[in-house]
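Structure first, commentary second.
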Amino acid sequence: MSTPRQEVGKRRRLPPEERRRQLVAIGLQELATRPIHALSIDRVADIAGISRSLLFRYFPTKQDYYVAIVGSASRRLLRAAVPAPGDPDPLRAILQAFVSFIDRHGDNYQTFFHGGYGSDPQIREIHGSMKNTLVDRVISAVGCADGPLTRMRLRGWWSLVESLAIDRLHEPGLSVDDVVDYVSTLLPAV
């Protein structure tokens with residue numbers, strides 16, 4: 001029987017960008033089974049088949065590695081939160097994808113953006129950029145007029161969507177659809 005290192009981390013040279021992508025992908029896979037504070041750099045390096053010191057050549061600090069992982073997770077969320085062309089309810093598709101993502105990754109999402117890591121300026125920038133992209137998508141989905149006041153209101157509304165999605169994790173009687181239905185009814189007032 002082979003070990004994970006033998007299966008996944010066979011030593012081989014990779015171009016720097018490919019190695020960076022590999023390390024971030026391993027970090028994301030590891031987060032599927034453990035919280036970010038329990039992510040072991042040694043384990044990631046072992047799975048990749050590299051030394052710990054080599055990992056730190058790609059990511060100078062553990063925080064840099066975390067920022068790369070959070071950025072990648074944010075991009076995955078945004079790729080999922082795109083309505084299909086011709087979707088009869090594009091707003092619902094965006095909301096469903098967002099709330100479902102938090103449903104699957106809630107503890108890590110909360111730690112990324114609202115825990116200690118969330119105070120990092122780079123993490124705040126990723127979170128703000130993600131929220132701005134989602135605001136752009138809502139404006140497009142509902143066809144409302146774009147402007148500073150609209151964007152400010154929609155950013156606040158997204159904060160509510162995010163908060164309810166996170167809170168729902170601790171309320172097993174509420175479903176993803178319950179959150180999506182509720183926040184959808186609030187949008188016209190915004």
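The values are calculated or read from the model by the stated rules, or taken from the named source; none is laboratory data. Fair warning: this is a prediction, and the values are worked out from it, not measured in the lab. Cβ sites come from the backbone with ideal geometry, for glycine too, and all protein chains shown count toward neighbours. Surface accessibility is based on the protein's heavy atoms, side chains included, excluding ligands, DNA and RNA. Shrake-Rupley method; radii C 1.70, N 1.55, O 1.52, S 1.80 Å.
Computed from Cα positions, the angle between helix 148-168 and the longest principal axis of the chain comes to roughly 60 degrees.
Computed on the stretch 59-190, with alpha-carbon pairs under 8 angstrom and 6+ residues apart, the relative contact order is 27 percent.
Here the calculated FRET efficiency for residue 80 and residue 184, from their Cβ-Cβ distance with R0 = 22 Å, stands at 0.75, rounded to the nearest 0.05.
Placing a label point 7 Å from the Cα of residue 150 along the Cα-to-Cβ direction, the residues of the stretch 112-141 whose backbone N falls under 20 Å of that point are 129-141. Mind checking the angle between helix 90-114 and the chain's longest principal axis? C-alpha axes, 0 to 90 degrees, to the nearest 10. With rounding to tens, the tilt is 50 degrees.
Carbon-plus-sulfur accessible fraction, the chain (probe radius 1.4 Å, protein heavy atoms only): 53%. For the stretch 26-35, the Karplus equation 6.51 cos²θ - 1.76 cosθ + 1.60, evaluated at θ = phi - 60°, returns couplings of 5, x, 5, 4, 5, 5, 5, 10, 8, x Hz by residue, with Gly and Pro reported as x.
The mean of 1/r over all distinct Cα pairs in the chain, once inverted, gives the Kirkwood hydrodynamic radius of 18.2 Å.
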